[in-house]
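Heads up, the thing below is written out as structure tokens.
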Amino acid sequence: MDKFAGLKAFTGVVEEGGFAAASRVNGLSRSQTNKLVIALEEELGVQLFSRSTRHVAPTSEGLAFYERARQILDDLDEAEASLSETSTEAVGRLRISTPLPLGSLNFSAILVGFMKCHPALQLELVQEARLSDPIAEGFDCVIRVAAPDEETHMVDHRITLIQYATCAAAEYLEKAGTPTRPDDLKDHSLLHYPGSNNSNVWEYIYKEDLIAVPIKPILVANNLEAIREAACGGLGIATLPRYAVQNELQAGSMVEILSDYDLPGFMLQLIYPPSRHLSAKVRLLTDYLIRYFDESPVGR
């Protein structure tokens, strides 16, 4: 059998929800589509669809096989595009995992801009609180925030350094006073985003020395936006990305404190398996993100 024709027929049925619709999209008769799918099932030795007179749906094996089949067809489209003048265009499907929004950093809006530049692209975006595994979960690439020196076995593009600031609402500092040293934080209401290690410690760097400050926060949240809202609302002191509170800092409603003591920054990275190294889609996304953050206030 023509295996690529079989894969195209199979993925078409999954995506269009039926044999008739898939046949119209692929320019085949329903009989041709049905024969291609049956031949594929026989070759694989599994049933890819549950069929009834009114309904067709992929089996669990069919759903698992669909992800691999779709990737094969996308890779073929991309390989063909890379040999033509359209190699500067992202085509096919791009599957990305990103962290949940960090403060005002909205990856959805950033990726909308990328899609406008590449109208032939189909994007699948999954936002996770955890770090996704690109290989096991079938992602073309993953956006992550990690310590600058954290190593990975994936291909790693470092996009920008996100800098943090210790800050509080002006109204809170007027009421509770302003700390001048990290040790003063023990006398204040603290708002804490624990990150991945769940440690109740804030670390500062002063003249190349690392200062670890144990904290007893009044609020712990695994969402930076919740911490930001609490800090802007006057509940206490927080460590936040500078870009997330830049407007409030400029307006004076939020105040940066302990500015002589640096907070460790975090690296915004794009990682992907070595097998995706020649992917034009991933390369174009990487270039787009680097340009975007070069022009944005993140990390400044």
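Of all DSSP bridge pairs formed entirely within the chain, close to 70 percent run antiparallel. Principal-axis analysis of the Cα atoms of the chain puts helix 3-16 at an angle of about 60° to the longest axis.
Share of carbon and sulfur in the accessible area of region 1-64 stands at 52%, probe radius 1.4 Å.
Which percent of the accessible area of region 153-300 is formed by carbon and sulfur heavy atoms (probe 1.4 angstrom)?
Values: 3670 of 7640 Å².
For region 153-300, the apolar C and S fraction of the accessible surface comes to 48 percent.
Taken about its Cα centre, the chain carries a charge dipole of about 920 debye when Lys and Arg each add +1 at the Cβ and Asp and Glu each add -1 at the Cβ.
Given the choices (i) 19; (ii) 46; (iii) 52, percent of Cα pairs over 31 Å apart derived from the coordinates of this structure is entry (ii). Scanning residues 5 or more positions from M254 or on other chains, those with amide H under 5 Å from its amide H are A170, L249, with H placed 1.01 Å from N in the peptide plane.
Around the Cα centre of region 146-300, unit charges on the Cβ atoms of Lys, Arg, Asp and Glu (plus for the first two, minus for the last two) sum to a dipole of about 480 debye. For region 148-218, trypsin sites (Lys or Arg not before Pro) are listed when DSSP marks them as loop and at most 14 other Cβ atoms sit within 10 Å of their Cβ; the list is K207. Give the angle, between 0 and 90 degrees and rounded to the nearest 10, that separates the Cα long axis of helix 60-82 from the longest principal axis of the Cα atoms of the chain. Approximately 90 degrees, to the nearest ten. Taking amide H positions as modeled 1.01 Å from N, with prolines and chain starts lacking one, the residues under 5 Å from G234 and 5 or more places away or on another chain are A169.
With n ≥ 4 as the cut-off for DSSP H runs, can you work out [θ] at 222 nm for the chain, using -39500 (n - 2.57) per run divided by the number of residues, rounded to the nearest 500?
Value at 222 nm, helices only: -11500 deg cm²/dmol.
Tell me the angle of helix 107-117 to the major Cα principal axis of the chain, expressed in degrees between 0 and 90 and rounded to the nearest ten. Taking Cα atoms only, the helix is inclined about 50 degrees.
The values are calculated or read from the model by the stated rules, or taken from the named source; none is laboratory data. The structure presented is a predicted model; accordingly, all values stated were derived computationally and were not measured. Note that we place each Cβ from the backbone using ideal geometry, even for glycine, and neighbour counts take in every protein chain shown. The accessibility values were calculated without ligands, DNA or RNA, using every heavy atom of the protein model including side chains. Shrake-Rupley method; radii C 1.70, N 1.55, O 1.52, S 1.80 Å.
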